[in-house]
Amino acid sequence: MVIGLIGMAGIGKSRWAARLADVGFRALHCDDLIAERLRTIYNANTVTVYDIGRWMGFPYETHYAERERIYLACEHAVMEDIAERIAGEENIVIDTTGSIVYLDAAILERLKRHATMVYLADDAHLRMRLLEDYLARPRPIVWNGMYQPRPGETPEATLARCYPQLVRTRAALYRRISDIVIEPQYHRNPAFTVADFLGMIGASS
């Protein structure tokens, strides 16, 4: 089985990829692959996902738009490579980025041919937590034009207003490309085991 984990940045995809790796899956961490590509091609000081977040910055910074474009180009190249690598493979888990929904439809279709796409869903409480985490320790987030400041509004106020809208819009896109949806009362529950996770996917496939 090839599993593609999808959902917002910070929702727990990397944690579940690590848990699946513990039972024999090979984990492909897209953030790490993008960080490597940014270092190699653009000489960016990126090793971790948080390095990418610092490099990318916030949507109100002047360099953000260009770096968002570069980031998406790197993500596209990484996912094209992964789509080639997983064909005919078994026991792989793909820890995708939150912006996977902005990739070309053709790439998404290639991934879905070979992988079961599992959406780790959020809820209202988690959305506030994810926003707080993003403000405190930025992860790379593609806003895709959804950061829209109002006259006289501070950048922090705009982020707080636009982020929930971004997440709601993404949630609909994640559900559209997913094969399985796992709600937060399951995937965030410490008692929900890897066996439970795989069982839920198996029971729904």
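Would you please name the residue that is nearest to TYR134 (Cα to Cα), looking only at residues in segment 34-64 that are under 18 Å from the mean Cα position of the chain (by Cα) and among the hydroxyl-bearing types (Ser, Thr, Tyr)? Result: TYR50.
Restricting segment 30-54 to residues that are surrounded by fewer than 20 Cβ atoms within 10 Å (Cβ to Cβ) and in contact (Cβ under 8 Å) with a residue 40 or more places away in the chain leaves a set whose member that is farthest from ILE201 (Cα to Cα) is ARG54. The requirement of being out of contact with any Phe, Trp or Tyr (no Cβ under 9 Å at 6 or more places or on another chain), part of a helix (DSSP H, G or I) and crowded, with 17+ Cβ neighbours inside 10 Å is fulfilled nowhere in segment 56-75; no residue meets it.
Within segment 184-205, the set of residues being surrounded by 13 or more Cβ atoms within 10 Å (Cβ to Cβ) and either outside any helix (DSSP H, G or I) or not hydrophobic (A, V, I, L, M, F, W, C) (or both) comprises PRO184, TYR186, HIS187, ARG188, PHE192, ASP196. Taken over segment 32-53, the criterion of being assigned to a helix (DSSP H, G or I), closer than 22 Å to ILE92 by Cα and either modelled with pLDDT under 95 or among the β-branched types (Val, Ile, Thr) (or both) is satisfied by ILE34, VAL49. Of the candidates ILE94, ILE100, the single residue that is in contact with a helix residue (DSSP H, G or I) (Cβ under 8 Å, 6 or more places away or on another chain), modelled with pLDDT of 95 or more and assigned to a helix (DSSP H, G or I) is ILE100. Taking the criterion of being of a type outside the set (A, V, I, L, M, F, W, C), closer than 27 Å to GLU156 by Cβ and buried (at least 21 other Cβ atoms within 10 Å of the Cβ), the only residue of segment 100-137 that qualifies is ASP122.
When segment 151-183 is filtered for residues that are of a type in the set (Ser, Thr, Tyr), closer than 24 Å to LEU111 by Cβ, in contact (Cβ under 8 Å) with a residue 60 or more places away in the chain and in a helix (DSSP H, G or I), only TYR174 remains.
The values are calculated or read from the model by the stated rules, or taken from the named source; none is laboratory data. It should be emphasised that the depicted structure is a prediction, and the values quoted were computed from it without experimental measurement. Reconstructed Cβ throughout: ideal geometry from the backbone, glycine too, with neighbour counts over all protein chains shown.
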